[in-house]
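Colleague: Please find one structure pasted underneath; my questions will follow.
The values are calculated or read from the model by the stated rules, or taken from the named source; none is laboratory data. From a predicted model like this one, the values you see are computed outputs, not experimental measurements. All Cβ positions, glycine included, derive from the backbone under ideal geometry; neighbour counts span all protein chains shown. SASA here: full protein model, heavy atoms, side chains in, ligands and nucleic acids out. Shrake-Rupley method; radii C 1.70, N 1.55, O 1.52, S 1.80 Å.
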Amino acid sequence: MISERSKRVDSSGIRKVFELAAKIENPINFSIGQPDFDVPDVVKEAAIQAIRDGFNRYTLTQGITELRERIIHDASAAYHKKFDLSQVIITSGVSGGLMLALLSIIDPGDEIVVFDPYFVMYKHLTHLLDGKAVIVDTYPDFKIDYAKLKAAVSPRTKAIILNSPSNPTGYVYTKADIDAAVKVAKENGILIISDEIYDGFVYDGKFDSPANYYDNVLILGGFSKTYAMTGWRMGFAIGSPELIGQMIKLQQYSFVCAPSPFQYAALAALDLDTEPFREAYRKKRDLIYDGLKDAFDIVKPGGAFYMFPALKAGDVSSFVELAISHKVLVIPGNVFSEKNTNFRIAFTVEDDELKRGIDILNRIVVEFENRI
Ligand code: PLP
């Protein structure tokens, strides 16, 4: 009964850690990729008001006009170009936008270039849609290498996916990284899909996007992380009228529309000053980076709320098991990678818990290395 296509996709390794977590009492949970603050009250009120006001029916497939206008207005100010209403769709999370985008562009055998380490969905969704994910290794510094990327491109390449700030590394692309990707894309006339869900969490300097330097870019934007509304399923995509038009058509036959009351709430969210959230996570980033940098090999995360330390010696799976046995939940690197040399920490916990986690990891890595 179950299709081969569906069987091809393995269930996320993160879920396995979640299941383990459910069995451990009071774990230090570094496994969850969502903010530890709650949706701000004004945004909750806007959602409740929208429900009371009767905004509970289908909206336009592409989303309510007020929200689309606001997104286009903000994007036209934030990026070095002007956008219009034909270029935006409201999606059910960035996940929804990614699904619609890949459905719109992949024919069987088409290739999508993905940088390793990668957000889990890129590879699996591509394979689910009969495409091929071509993996470009970016270890150990996570930078984009022009020559490696160029070598990964073929006549079947439909898109290059960029994700900055990155899940799982927290790495933020420099202008040189963006230039390398844009150069290859321009030379080959390839679409760039830029997953910018963590653009609200950049700690050193300003967020930059390939869309500032190249027209053939699909921006995937999110509300989940910036406003801690991961369960509300809100996102958007900005791109060429042709691609957005196709995504709208496919949304009609799949998600239908993003959740109606939360579209109104998202509109209210866009009025919020998100600086305090960024500042809180910048402090946590500093705390955990300073706390662990001597014990592990770490590229200092410039954004998001992840860190992807490598062990100086030994096998990561054994280390992750040891950490979990000490109630510290982290995710082994091979969930996000073809390699298994690193592990992911999501530092979305209270500062006290963060400090306890740092102490335990420092203690057990010594024990672990002594055993080797
Ligand atoms: N893209 C990246 C890089 C993510 O880390 C996530 C969630 O973890 C998503 C997309 C999906 O987010 P959403 O909740 O908007 O579907």
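Colleague: Could you tell me the calculated FRET efficiency between Lys293 and Lys44, based on Cβ-Cβ distance and R0 = 30 angstrom, to the nearest 0.05?
Modeller: Computed FRET efficiency for Lys293 and Lys44: 0.20.
Colleague: Relative to the Cα centre, what is the charge dipole magnitude of the stretch 41-269, using +1 at the beta carbon of each Lys and Arg, -1 at the beta carbon of each Asp and Glu, and rounding to the nearest 20 debye?
Modeller: That gives the stretch 41-269 a dipole magnitude of about 260 debye.
Colleague: Of Gly245, Ser6, Pro168, which is farthest on the positive side of the dipole of the chain, counting Cα position, with +1 on Lys and Arg Cβ, -1 on Asp and Glu Cβ, and the Cα centre as origin?
Modeller: Ser6
Colleague: P(r) for the stretch 306-372: what percent of alpha-carbon pairs falls in each 10 Å bin, starting at zero?
Modeller: Whole-percent P(r) values from 0 Å outward: 21, 58, 21, 1.
Colleague: Sticking with the crude label model, points 7 Å out along Cα→Cβ, report the distance from Arg8 to Tyr146 in nm, one decimal please.
Modeller: 3.4 nm
Colleague: Can I ask one more? So what J values fall out for the stretch 336-349 if you push phi through Karplus, 6.51 cos²θ - 1.76 cosθ + 1.60 with θ = phi - 60°, rounded to Hz, Gly and Pro as x?
Modeller: 10, 7, 7, 10, 9, 10, 10, 9, 9, 10, 9, 8, 9, 9
Colleague: So, with a 1.4 angstrom probe, what is the percent of accessible area on the stretch 41-269 that is carbon and sulfur?
Modeller: Summing carbon and sulfur atoms, their accessible area is 56 percent of the total for the stretch 41-269.
Colleague: Of Ala159, Ile28, Tyr146, which is farthest towards the positive pole of the chain's charge dipole, taken about the Cα centre with +1 and -1 on the beta-carbons of Lys, Arg and Asp, Glu respectively?
Modeller: Highest projection toward the positive end goes to Ala159.
Colleague: Taking only Cα atoms of the stretch 141-180, what ratio of Rg to Rh do you get with Rh as the Kirkwood inverse-distance radius?
Modeller: 0.99
Colleague: Quick check on the chain: helices-only [θ] at 222 nm, where DSSP H runs of length 4 and up contribute -39,500 (n - 2.57) each and the sum goes over total residues. Nearest 500, please.
Modeller: -13000 deg cm²/dmol
Colleague: Mind checking the stretch 246-339 for chymotrypsin sites (Phe, Trp or Tyr not before Pro) that DSSP puts in a loop (not H, G, I, E or B) and that have at most 11 other Cβ atoms within 10 Å?
Modeller: Here the sparse-neighbourhood loop sites are Tyr253.
Colleague: With an 8 Å cut-off on Cα pairs and a minimum separation of 6 or more residues, tell me the relative contact order of the chain in percent.
Modeller: Computed over the chain, the figure is 24 percent.
Colleague: Modelled label-to-label distance, Asp74 and Leu20, 7 Å Cα→beta-carbon offset: nm?
Modeller: About 3.7 nm separates the two model spin labels.
Colleague: Which distance in Å, rounded to a whole number, links the C-alpha centroids of the stretch 203-270 and the stretch 100-143?
Modeller: Going from one Cα centre to the other spans 19 Å.
Colleague: Once the dipole of the chain is set up with Lys and Arg at +1 and Asp and Glu at -1 on Cβ about the Cα centre, which of Leu267, Ile105, Trp232 lies farthest towards its positive end?
Modeller: After comparing all options, I get Ile105.
Colleague: Another question, then. Bins of 10 Å, beginning at zero and ending with the bin holding the largest distance: percent of Cα pairs per bin for the chain, please.
Modeller: Going from the shortest bin to the longest, the percentages are 5, 24, 32, 26, 11, 1, 0.
Colleague: Follow-up question, since we're still on this one. For q values of 0.14 Å⁻¹, compute log₁₀ I(q)/I(0) with the Debye formula on a Cα-only model of the stretch 89-204, without solvent.
Modeller: Here log10 of I(q) over I(0) equals -0.54.
Colleague: Net charge near Lys186, counting Lys/Arg +1 and Asp/Glu -1 over other residues with Cβ under 11 Å of its Cβ?
Modeller: -2
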